[in-house]
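Enquirer: Let me give you the structure first, and then I'll get to my questions.
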Amino acid sequence: MLGNQNNPHKVYLVDFGLAGTFKKTATTSRKIYSGEIGTIKYCPLASHYGLEQFPKDDLESLGYLLVYLASKDLPWYNLPKGLTEREKYDEIKKRKEETSIEKLSQGIGCLKKYFKLVKSFKIGDSIDY
């Protein structure tokens, strides 16, 4: 991607390594994969379950990133020391499951509305990004 008007000669690299084609279908089921896909701290819960990701999951991941950028913290950061990789993944998954939208967006009101909207989307919905 090329830079903006303030720095038009700057080039940004974008990694589409996990990108795929999304085709809206009548299905409401997901394929099952083995293991998580993506950066564990920002991946959607569907990834923790090894499920195929849909556009709503992209928005969930973006929400986690926005919370981190706004607050420099997420409820699943600062895990206890000495955990194995599997234990870390399991603890992050547990914390994502247990963290309410209110707690996740605490102090960032617009993100509360954002997460409620994202949670309202259904599998297979076309989302107008």
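The values are calculated or read from the model by the stated rules, or taken from the named source; none is laboratory data. Values in this document were obtained by computation on a predicted structure and should not be read as measured data. Note: ideal-geometry Cβ built from the backbone for every residue, glycine included; neighbour counts use all protein chains shown.
Enquirer: Being surrounded by 10 or more Cβ atoms within 10 Å (Cβ to Cβ), under 22 Å from residue 127 (Cβ atoms), modelled with pLDDT of 90 or more and out of contact with any strand residue (DSSP E or B) (no Cβ under 6 Å at 6 or more places or on another chain) narrows it down to one of 18, 74, 59, 69, so name that one.
Expert: 59
Enquirer: Right, something else. So which residues in the range 90-100 are in a helix (DSSP H, G or I) and surrounded by fewer than 16 Cβ atoms within 10 Å (Cβ to Cβ)?
Expert: Listed by number, the residues that qualify are 90, 91, 94, 95, 97, 98.
Enquirer: Looking only at residues in the range 107-122 that are in contact with a Lys or Arg (Cβ under 9 Å, 6 or more places away or on another chain) and crowded, with 16+ Cβ neighbours inside 10 Å, which one is farthest from residue 63 (Cα to Cα)?
Expert: 121
Enquirer: Something else now. Any idea which residue in the range 21-39 is surrounded by the fewest Cβ atoms within 10 Å (Cβ to Cβ), counting only those that are under 19 Å from residue 89 (Cα atoms) and either in contact with a strand residue (DSSP E or B) (Cβ under 7 Å, 6 or more places away or on another chain) or modelled with pLDDT under 80 (or both)?
Expert: So the residue we want is 34.
Enquirer: Ok, one more. Mind telling me which of the residues 42, 64, 49 ends up being modelled with pLDDT of 95 or more and surrounded by 10 or more Cβ atoms within 10 Å (Cβ to Cβ)?
Expert: Going through 42, 64, 49 in turn, just one is modelled with pLDDT of 95 or more and surrounded by 10 or more Cβ atoms within 10 Å (Cβ to Cβ): 64.
Enquirer: Here's a follow-up. Could you list, ordered by first residue, the pairs with Cβ atoms under 9 Å in which the first is in the range 81-102 and closer than 15 Å to residue 42 by Cβ and in contact (Cβ under 8 Å) with a residue 12 or more places away in the chain and the second is in a helix (DSSP H, G or I) and of a type in the set (Ser, Thr, Tyr), at least 6 apart or interchain?
Expert: As it stands, the answer is 96/64, since those pairs meet every condition given.
Enquirer: For the range 101-119, name all the residues that are among the small types (Gly, Ala, Ser) and either at pLDDT 95 or above or part of a loop (DSSP other than H, G, I, E, B) (or both).
Expert: Across the range 101-119, the qualifying residues are 105, 107.
Enquirer: Here is a further query. So residue 125 ticks every box in (1) under 20 Å from residue 40 (Cα atoms); (2) touching a residue at least 60 places away in the same chain (Cβ under 8 Å); (3) not hydrophobic (A, V, I, L, M, F, W, C) but one. Which box is left unticked?
Expert: Only one criterion is unmet by residue 125, namely (1).
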